[in-house]
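Have a look at the structure below, then the notes.
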Number of protein chains: 2
Amino acid sequence: MRYELYYWPQIQGRGEFVRLALEEAGTDYVDVARGSGGMERMQKLLRAKSSEYPLFAPPFLRAGKLLIGQTANILLFLGARHGLAPKSEAGRLWVNQLQLTVADLLVEAHDTHHPIAASLYYEDQKPEARRRAECFTKERIPKYLGYFENVLAHGGKAAFLAGRSLSYADLSLFQVVEGLRYAFPSAMAALEKKHPHVVKLHDRVAARPNIAAYLKSPRRIAFNQHGLFRHYPELDAKTA
Amino acid sequence: MRYELYYWPQIQGRGEFVRLALEEAGTDYVDVARGSGGMERMQKLLRAKSSEYPLFAPPFLRAGKLLIGQTANILLFLGARHGLAPKSEAGRLWVNQLQLTVADLLVEAHDTHHPIAASLYYEDQKPEARRRAECFTKERIPKYLGYFENVLAHGGKAAFLAGRSLSYADLSLFQVVEGLRYAFPSAMAALEKKHPHVVKLHDRVAARPNIAAYLKSPRRIAFNQHGLFRHYPELDAKTA
């Protein structure tokens, strides 16, 4: 069965967390909106009000008869299908819990450049963005990275967030580090030293054969100023 | 087995979504932080860095040996245990998808009064709050309520979001309506007319015996200016 991923074609965004899972698992999938006529197909599904499971927003995944929305929900499904989450109930819940904490971080990262409304341009909310980004880089990134650092540091010799095997939460934390490095290089240069386990996890994920191949392929969209993580120098931490 | 719910004792907040599920299911549970010494017990668990599954923030639930964090994750667990979600994979994913959409709405509702940082007082971000709240009441509440209205309207004769049986997503949508009514009474007075199925669902949930008894009990904390939904008249829509 070929999966159909539906997401905005010019950005990594939330769709990237699904792409990473599909790539790591070596699945057969098509990134629909990046192909010819794909945006129309995506918009049609988004507007399909009478479908059994109406969609709120991309990303969503078609898997045979299933049409699944919400990033963490898609990953819950893929994790169980492709060995990207533990089989035990406790393990599955734990990975979902980690993913939802990543989801919280993503909202905050996005809102550094859109603190007033996603429907307004960045240029229309610059002073507010500056205030929000300062709190984000000073308080929130350290809180989140400190949390994941602790999970990894107290896992004993376990290499991953949920133990000895990779889960989709590890792929997501890799992507968080990638995104934060792009958006806040100055803040991250200082913070990475304090979070060595997180950096090591990032490197371990990047080195996995399927992920390494994906990152070098044209399927990996470059970071840019339209996505969730954006680099506006005025929002980054000042170097001392 | 007695569940232990851990959440801030003075507010409904995100803990309320768990309380509603525990109440509807008629479970035996204790709201730990509201009892003597409970706050200390909660803080101790939050600080327990070397636990198997470290916690990021309340609410969290102890269920025997399990310690589960993140609201939607707790509900995923309770839904399966207590018949508050369909048994089929498609149905479980659908209810989780709905709950994650509710979670997105909650972040936005909270950020109307804290658009810059949760660590700052409302008084330190009032102009920004006003701008954000205007977009929220004009664009975002209609988008979310319109989505849920459509789900309910196209469900045929089905009374609930996931069909003929109540799920935890219905309890959550009830609570969303309660919260929005408290925080934005003027905006909601206008919007409710356009979303009759959502209002009907709210009323249907409120009339369920366990929920009705809970709402009248001292276990239900009143809305106030410390929670997720806050009533600041200056953030509500202007009446025409």
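If you take the residues in the range B:147-178 that are surrounded by fewer than 24 Cβ atoms within 10 Å (Cβ to Cβ) and acidic (Asp, Glu), which one is nearest to the chain's Cα centre (by Cα)? This residue is B:Glu178. In the condition set (1) farther than 20 Å from B:Gln10 by Cβ; (2) in contact (Cβ under 8 Å) with a residue 12 or more places away in the chain; (3) part of a loop (DSSP other than H, G, I, E, B), B:Pro54 is compliant with all but (2). For the range B:60-77, the set of residues classified as under 24 Å from B:Trp94 (Cβ atoms), more than 7 Å from every other protein chain (Cβ to nearest Cβ) and surrounded by fewer than 24 Cβ atoms within 10 Å (Cβ to Cβ) consists of B:Ala63 only. If you check A:Glu123, A:Glu178, A:Glu108 for being out of contact with any Phe, Trp or Tyr (no Cβ under 9 Å at 6 or more places or on another chain) and charged (D, E, K, R), only one passes: A:Glu123.
The residues of the range A:115-171 that are β-branched (Val, Ile, Thr), assigned to a helix (DSSP H, G or I) and within 10 Å of another protein chain (Cβ to nearest Cβ) amount to a single one, A:Val151. Condition test on B:Arg92, is it touching a helix residue (DSSP H, G or I) at 6+ places or on another chain (Cβ under 6 Å), of a type in the set (Lys, Arg) and within 10 Å of chain A (Cβ to nearest Cβ)? So B:Arg92 fails the test. I'd like to know if the range A:149-157 contains one or more residues that are modelled with pLDDT of 95 or more and among the small types (Gly, Ala, Ser). Within the range A:149-157 (the criterion being modelled with pLDDT of 95 or more and among the small types (Gly, Ala, Ser)), the answer is no, since none of the residues qualifies. If the condition is being under 17 Å from the mean Cα position of the chain (by Cα) and within 30 Å of B:Gln125 (Cα to Cα), then the range B:196-240 contributes B:Arg220, B:Ile221, B:Ala222, B:Phe223, B:Asn224, B:Gln225, B:His226, B:Gly227, B:Leu228, B:Phe229, B:Arg230, B:His231. Looking at A:Thr112, A:Thr101, just one residue is under 24 Å from B:Leu106 (Cβ atoms), buried (at least 17 other Cβ atoms within 10 Å of the Cβ), more than 9 Å from chain B (Cβ to nearest Cβ) and hydroxyl-bearing (Ser, Thr, Tyr), and that residue is A:Thr112. Given the condition at pLDDT 95 or above, in a loop (DSSP other than H, G, I, E, B) and surrounded by fewer than 16 Cβ atoms within 10 Å (Cβ to Cβ), answer yes or no: does some residue in the range B:39-51 qualify? No, there is no match, as no residue in the range B:39-51 is at pLDDT 95 or above, in a loop (DSSP other than H, G, I, E, B) and surrounded by fewer than 16 Cβ atoms within 10 Å (Cβ to Cβ). Among residues of the range B:196-224 being within 28 Å of B:Glu134 (Cα to Cα) and in contact (Cβ under 8 Å) with a residue 60 or more places away in the chain, the one that is surrounded by the fewest Cβ atoms within 10 Å (Cβ to Cβ) is B:Asn224. Among the residues of the range B:183-197, is there at least one that is within 22 Å of B:Glu24 (Cβ to Cβ) and within 14 Å of another protein chain (Cβ to nearest Cβ)? Yes, some residue in the range B:183-197 is within 22 Å of B:Glu24 (Cβ to Cβ) and within 14 Å of another protein chain (Cβ to nearest Cβ).
The values are calculated or read from the model by the stated rules, or taken from the named source; none is laboratory data. Fair warning: this is a prediction, and the values are worked out from it, not measured in the lab. Because the Cβ atoms are built from the backbone with ideal geometry, glycine has one as well, and the counts that use them run over all protein chains shown.
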